[in-house]
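To start, the structure itself, in C-alpha cells.
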Amino acid sequence: MPSKGKNMRSALAAPLVVLSFLTLSAPSSPAGDEKAPPAVAKIALTFKLDPRLTYTGERWVSPPTYTGAAAQDTVEVSASAVDAAGKPTKASIDWSPSDPEMLTVTPPRGERVKIAVKRAGESSVTVKSGGVSRKLTVNATQKNGVWQVTISQ
C-alpha cells in the first residue's frame, strides 16, 4: 500500500500544465455602432390616391404618370430607397422643387411628403438619396377654380 500513496503524491507533485486557447474574432464595435445600410440603387415612388376616389381606404399607386382627381391641388407622394438587390434600405431622402413659387414640398426631407401647387404651370421636383436622384415633372392647370395636376416620373 505504501507504493499506492507514493504514486498519488508523485502525481500531485507533477507540474501542472494548463493549455489555453486563443479565440480570434473580428474586433467588436462600440455599443450602438451598426453596419452601414447597403447603398441606394434607386428610388421607388408611389402616389396616394385621392380618398374621394376610393371606398376601400388608403390606396397608393405607382404609374409613370399620375393624374390627380379634379379639385386636387395637393398630392401625397412616398419615396423608398432600394438597394441593388431590390430590397428597401434606410436612407435620407431630400425633395427639392425647381420653382418654389409654383410648388411646395412639405416636409423637404423624408419618405412621405405633400406636393402642393400654388399656381398653374410646369415645374419639377428632384428627389435625392445618396448619389441617386429622380426627377418628377409637375404640370398644373386651373379652369373655373378646378385644379388638374399631372405628375410624370
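The values are calculated or read from the model by the stated rules, or taken from the named source; none is laboratory data. Model, not experiment: these values are computed from the prediction. Cβ atoms come from the backbone with ideal geometry, glycine included; neighbour counts cover every protein chain shown. Only protein heavy atoms, including side chains, enter the accessible area calculation; ligands, DNA and RNA are left aside. Shrake-Rupley method; radii C 1.70, N 1.55, O 1.52, S 1.80 Å.
Details
- For region 51-142, the per residue solvent-accessible surface stands at 57 Å², with DNA, RNA and ligands left out and a 1.4 Å probe.
- Region 45-153 shape via C-alpha gyration tensor axes, a/c threshold 1.5: oblate
- Segments 43-50, 98-105, 59-66 sorted - mean Cβ within 10 Å per residue, highest first: 43-50, 98-105, 59-66
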